[in-house]
Amino acid sequence: KAGVTQTPRYLIKTRGQQVTLSCSPISGHRSVSWYQQTPGQGLQFLFEYFSETQRNKGNFPGRFSGRQFSNSRSEMNVSTLELGDSALYLCASSLLTQGAGETQYFGPGTRLLVL
Amino acid sequence: GDSVTQMEGPVTLSEEAFLTINCTYTATGYPSLFWYVQYPGEGLQLLLKATKADDKGSNKGFEATYRKETTSFHLEKGSVQVSDSAVYFCALLNQGGSEKLVFGKGTKLTVNP
């Protein structure tokens, strides 16, 4: 079974632009979560989607948004990019047969550099 | 709120040495506990997990035991290899309905031949 895939793997943008990142979960997985990883702040939770609905959101500004499609694929969008948005963005999927608390499997990440 | 504290390192060991990376947590409720590993330029790989007190997770020679009385989940390996060089993250997932993983800051391990 294929793992979590993320595209693109690398991105370079300039301040003020916007960016869309894509995540395809493991086949059959219904929950997709997004995390930001930076050297200073470590790994921080952005948001989680299940059945096309955002169920949980971390402490990030409204410039960070996401959505999930009916096939469970997810996208996240960052508008009006700032230098501090440079990070590795990780997507994780989980099966969620029991509704919550199951293992999350991560993709390779998208490395975003904002100049 | 929930939090995870792990020794930050870096940790440098010789091949075949014993490894311990300490991890303690604070959480409301009864979380599941995880160790993830990140190799250079890659995402996170699940190393092992435990979902209830006294459970022992194990994989590839690594072990960790869920200790509720000390709120700890220390990672151990009896004999490390050069290929174990990576960053290790301890994490918790509170089973109260949120899929938010809370991570420690990571411990960089370097194993020298």
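The values are calculated or read from the model by the stated rules, or taken from the named source; none is laboratory data. Please read these numbers as outputs of a predicted model, since none were measured by experiment. Because the Cβ atoms are built from the backbone with ideal geometry, glycine has one as well, and the counts that use them run over all protein chains shown. Surface areas here come from the heavy atoms of the whole protein model, side chains and all, with no ligands, DNA or RNA. Shrake-Rupley method; radii C 1.70, N 1.55, O 1.52, S 1.80 Å.
Observations
- Taking the Cα centre of region B:64-113 as reference, the dipole from Cβ charges on Lys and Arg (+1) and Asp and Glu (-1) amounts to some 100 debye.
- Per-selection Rg to Rh, the protein assembly as shown - Cα, Kirkwood hydrodynamic radius: 0.97
- Intensity falloff of region A:9-93 expressed as log10 I(q)/I(0), Debye formula with alpha-carbon point scatterers, at q = 0.14, 0.25 Å⁻¹: -0.45, -1.32
- Cα-based reach from B:K56 at 20 Å (exclusive), listing lysines while leaving out same-chain residues under 8 positions away: B:K68, B:K77
- For region A:1-100, the share of accessible area belonging to carbon and sulfur comes to 47 percent (1.4 Å probe, ligands and nucleic acids excluded).
- Expressed to the nearest 5 percent, the antiparallel share of DSSP beta bridges inside region A:8-115 is 90 percent.
- For chain A, the dipole from Cβ point charges (+1 on Lys and Arg, -1 on Asp and Glu) about the Cα centre works out to 160 debye, to the nearest 20.
- Exposure ranking of A:I12, B:I21 by accessible area [1.4 Å probe, largest first]: A:I12, B:I21
- Reported to the nearest whole Å, the Cα centre-to-centre distance from region B:1-33 to region A:6-24 is 32.
- Expressed as a whole percent, the accessible area of chain B that falls on carbon and sulfur atoms is 48 (1.4 Å probe).
- The charge dipole of region B:1-76, taken about its Cα centre with unit charges on the Cβ atoms of Lys, Arg (+1), Asp and Glu (-1) only, comes to about 280 debye.
- Here's the list of aspartates and glutamates a cross-link from A:K57 could span, going by alpha-carbon distance under 16 Å and ignoring same-chain residues fewer than 8 apart: A:E48, A:E75, B:D2, B:E99.
- Solvent-accessible area buried by A and B, counting both chains, probe 1.4 angstrom, square angstrom: 1600 Å²
- The mean accessible area for residues of the protein assembly as shown, using a 1.4 Å probe and ignoring ligands and nucleic acids, is 47 Å² per residue.
- Most positive-pole-ward Cα, A:S27, A:T14, A:N59, against dipole of region A:1-74 from beta carbon charges: A:T14
- Take chain B and mark each of the GluC sites (Glu not before Pro) that is in a DSSP loop with at most 13 other Cβ atoms within 10 Å; the longest unmarked stretch, sites excluded, is B:17-68.
- Placing a label point 7 Å from the Cα of A:L115 along the Cα-to-Cβ direction, the residues of region A:1-24 whose backbone N falls under 19 Å from that point are A:8-20.
- Partner aspartates and glutamates whose Cα lies under 13 Å from the Cα of A:K13, excluding those fewer than 8 positions away in the same chain, are identified as A:E82, A:D85.
- For B:T71, the solvent-accessible surface computed with a 1.4 Å probe is close to 50 Å², ligands and nucleic acids excluded.
- Normalised size of chain B, defined as Cα radius of gyration per 2.2 N^0.38 Å with N residues, equals 1.02.
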